[in-house]
Amino acid sequence: MSESSLPSGLPSGEVCIQGGRVVDASGDHGLLDVRVVDGAIAEVGAGLSPSAGATVLDAEGCVVAPGLVDIQVHFREPGREDAETIETGSRAAALGGCTAVVCMPNTVPPIDDAAVVQSILDRARAVGLCDVRPAGCITKGRGGEELAPLGELYDLGVRVFTDDGDCVADAQVMRHAFEYAAALPGAVLAQHAEDPDLVRGGHMHEGAWSAKLGIPGRPAEAESTIVARDLQLARRTGGRYHVLHMSCAASAALVREAKAAGVRVTAECTPQHLVLTDESCSHFDPVFKMNPPLREQADVDALRAALLDGTIDAIATDHAPHTAESKDVPFEEAPPGMLGVETALAVVLTTLVEPGILTLAQALAALSWQPARVVGLDADGHGGPIVAGAAANLCVVDPAHTWSVDGTRLASKSRNSPWDGWKLTGKVRHTVYRGVPTVRDQEATH
């Protein structure tokens, strides 16, 4: 793999993407060239001639699409740089086709302070290979009791507020957060919907497999009861609500009904919740432990249906790196979480597009322009149309290329990938962020 370092200042120079099938939110535009100058799309058309000295990217047989936008990742910086950093996480994201990500605030210290937000933004500008946006905490220290300074964080550009990793269990606190955030244009409260009393002591989905394995469970009702409560609060306050990593059929039904009633709600699910079930835990491998847990086939089927009918707006990875030492312990002692940002597109293409469950356009929508709209990144040039004058945040995807995941060779500092050893179809050949090719020629990696 060869990489170019992303400059801290404005990009310069010309890039010409030749011979790719251009697909964006407005449709499939057929085989076209895309010429990029100084960070913006200058021209889209057939048979374009690059200027002397331009960087030419071969897109023959590929799809040229808006860059992917992953609205739930954990890059662990600050405080847990042994598992991931903004540099390694953004490299993994760029390899996966992302031009923007939203980092969750369960760092050490948590992102509940303007100084922490600013430090992450500064670090991302210095080393990031994609646009790294921090989410802010809803409550101070993610303690669930006192609201974080939402206005101060908002003034620094934070638009997503969440205590992810923990649920805001106190209904009065969540109501106050909705009331406050409702006055901040574009702000959204994103909930890790798991009632802490119902999941206490549990380590996987509560069902037939947890009973068979003798592992205490986390019932689906722990999620759906919080979703139901929060939807009522969103309805009352007029606030925007987003369900993180939605995992069960009951939650999908609640969100579908609330959307029909005009509640300002969006939802995401992960590739793993769309593909894997709790049976994956049958070998006691901690790589398959996550919160919310992998659930039953009926839930997988319901999530797929919800994605198709628009109940679910986005596919987000919940990319959660952990060191080998922390995961190499008995299942019940291991932290929850799995890698995903580098492999998400290929997993979706292989398991959902190739079998005909989703079209390629539907997959790209859920991975790019729809999540960009959920968190307001469309206003900053992500997930937008591929037309002259638009920001050049793009990915070039070979949808037919097959490769096998080698967990030891992923860009993340950690190795806890549930897709290790899987043969996948679909490869990101190039990612262009702000007009700069940040990753190219992944053949050596894969």
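The values are calculated or read from the model by the stated rules, or taken from the named source; none is laboratory data. Source: prediction; values computed, not measured. In this analysis, Cβ positions are derived from the backbone assuming ideal geometry, glycine residues included, and neighbour counts consider all displayed protein chains. With ligands, DNA and RNA removed, areas are computed over all heavy atoms of the protein, side chains included. Shrake-Rupley method; radii C 1.70, N 1.55, O 1.52, S 1.80 Å.
Taking Val101 as the residue in question, decide whether it is over 20 Å from Pro335 (Cα atoms), part of a loop (DSSP other than H, G, I, E, B) and open to solvent by less than 10 Å² (accessible area, probe 1.4 Å). Spelling it out, it is not the case that Val101 is over 20 Å from Pro335 (Cα atoms), part of a loop (DSSP other than H, G, I, E, B) and open to solvent by less than 10 Å² (accessible area, probe 1.4 Å). Of everything listed in (1) charged (D, E, K, R); (2) within 25 Å of Leu68 (Cβ to Cβ); (3) part of a helix (DSSP H, G or I), the single unmet condition for Glu268 is (3).
Every test in (1) within 18 Å of Met104 (Cα to Cα); (2) in contact with a strand residue (DSSP E or B) (Cβ under 7 Å, 6 or more places away or on another chain); (3) touching a residue at least 60 places away in the same chain (Cβ under 8 Å) is passed by Gln191 save one, and that test is (3). Scanning the stretch 294-334 for residues that are charged (D, E, K, R), buried (at least 20 other Cβ atoms within 10 Å of the Cβ) and more than 21 Å from Gly426 (Cα to Cα) yields Arg295, Asp299, Asp313, Lys327. Taking the criterion of being open to solvent by less than 30 Å² (accessible area, probe 1.4 Å) and not in a loop (DSSP other than H, G, I, E, B), the residues of the stretch 219-248 that qualify are Ala222, Glu223, Ser224, Ile226, Val227, Asp230, Leu231, Leu233, Ala234, Tyr241, His242, Val243. Within the stretch 332-373, the residues that satisfy the criterion of being among the polar types (S, T, N, Q) and touching a residue at least 24 places away in the same chain (Cβ under 8 Å) are Thr343, Thr350, Thr351, Gln362, Ser368, Gln370.
Would you tally the residues in the stretch 398-428 being closer than 21 Å to Val132 by Cα and basic (Lys, Arg)? Here the count works out to 1.
Mind checking which residues of the stretch 249-277 are open to solvent by 10 Å² or more (accessible area, probe 1.4 Å) and either in contact with a Cys (Cβ under 8 Å, 6 or more places away or on another chain) or of a type in the set (Asp, Glu) (or both)? Scanning the stretch 249-277 gives a single hit, Glu257.
Name the residues in the stretch 234-285 that are within 22 Å of Asp166 (Cα to Cα), without any contact (Cβ under 8 Å) to a residue 40 or more places away in the chain and hydrophobic (A, V, I, L, M, F, W, C), would you? Matches in the stretch 234-285: Ala250, Leu254, Val265.
Only residues that are open to solvent by less than 10 Å² (accessible area, probe 1.4 Å) and in contact with an Asp or Glu (Cβ under 8 Å, 6 or more places away or on another chain) were counted across the stretch 195-204, and they come to 1.
Consider only pairs whose beta carbons are under 7 Å apart and that are at least six residues apart or on different chains; among these, list those whose first residue lies in the stretch 202-218 and is of a type in the set (Lys, Arg) and whose second residue is open to solvent by 60 Å² or more (accessible area, probe 1.4 Å). Once the first residue is of a type in the set (Lys, Arg) and sits in the stretch 202-218, its partners that are open to solvent by 60 Å² or more (accessible area, probe 1.4 Å) give Arg218/Glu206. Any chance the stretch 93-100 includes a residue that's among the hydroxyl-bearing types (Ser, Thr, Tyr) and touching a Ser or Thr at 6+ places or on another chain (Cβ under 8 Å)? Yes. The set of residues in the stretch 42-90 that are open to solvent by 50 Å² or more (accessible area, probe 1.4 Å), in a strand (DSSP E or B) and not hydrophobic (A, V, I, L, M, F, W, C) comprises Glu43, Asp58. Taken over the stretch 141-188, the residue count meeting the criterion of being part of a helix (DSSP H, G or I), within 24 Å of the chain's Cα centre (by Cα) and surrounded by fewer than 18 Cβ atoms within 10 Å (Cβ to Cβ) is 2. For Phe288, indicate whether it is over 30 Å from Val158 (Cβ atoms), touching a residue at least 12 places away in the same chain (Cβ under 8 Å) and touching a Phe, Trp or Tyr at 6+ places or on another chain (Cβ under 8 Å). Judged against the criteria, Phe288 is not a match.
Rundown of residues vs (1) over 21 Å from Lys423 (Cα atoms); (2) basic (Lys, Arg), yes/no style:
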site	(1), (2)
Arg295	yes, yes
Leu345	no, no
Ala361	yes, no
Leu364	no, no
Ala392	yes, no
